[in-house]
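Student: One structure follows; several queries about it will come next.
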Amino acid sequence: MYNKILVPIDIVEDELNQKVIKHVETLVSFNQPSKPEIHFLSVLPNLEIFFGIEIAVLPESQQDSEERSRVALELLKDIIKKVNIPNGQITCKIGIGPTKEEILSYASDIDADLILIGSHSPNSTSYLLGSTAASIVRHAKITVLVTR
């Protein structure tokens, strides 16, 4: 069914992450006996874009992209440590940049055949989906499964 599943994870959204992980586990169980690769991706914003000129006043440790990536990777691994999928099927990655572009680029890089993404509750500007999920659905060239 699916060989490579990309699962973007927002490391600050505990409740949504647990829902996404349950869906991943279900998809993997449906795919038996094949063993799909599960790629968990968390994206950090560029500090220059996110904070603009204020980056100069941030502590030195928070300006270092490598350190931010290392901390985020630890958090991502902590989020998925209880996932009921064999470790050999799991890859974790941290991207830095605009969320939509990082997700779509990584999906292309790994030749994913499904993106499973969580969506926040919509607001008046995003109507049916959260803005990131809606953007991924609109621009992805592969199947996208959205969960809430």
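Here, each number is a calculation from the coordinates, and none is a lab measurement. Predicted model only: the values in this text are computed from it and were never measured. Don't worry about glycine lacking a Cβ; one is built from the backbone with ideal geometry, like all the others, and counts go over all protein chains shown.
Student: Calculate, in nm to one decimal, what residue 66 and residue 46 gain on full extension: separation in residues at 0.36 nm each, minus their alpha carbon distance.
Tutor: Roughly 6.0 nm would be gained on extension.
Student: Average the reciprocal distances over every distinct pair of alpha-carbons in the stretch 73-112, invert the result, and give the Kirkwood radius in Å.
Tutor: 11.6
Student: Provide the gained length on full extension for the span residue 3 to residue 15, in nm with one decimal, where the gain is 0.36 nm per separating residue minus the Cα-Cα distance.
Tutor: 1.7 nm
Student: Still on this structure, please answer the following. Can you pull the one-decimal nm distance between simple spin-label points at residue 35 and residue 74, each 7 Å off the Cα toward Cβ?
Tutor: In this crude label model, residue 35 to residue 74 measures out at 3.0 nm.
Student: Any idea how far apart residue 139 and residue 91 come out in nm if each label point goes 7 Å out from Cα toward Cβ?
Tutor: Taking the simple label geometry, residue 139 and residue 91 are separated by 2.1 nm.
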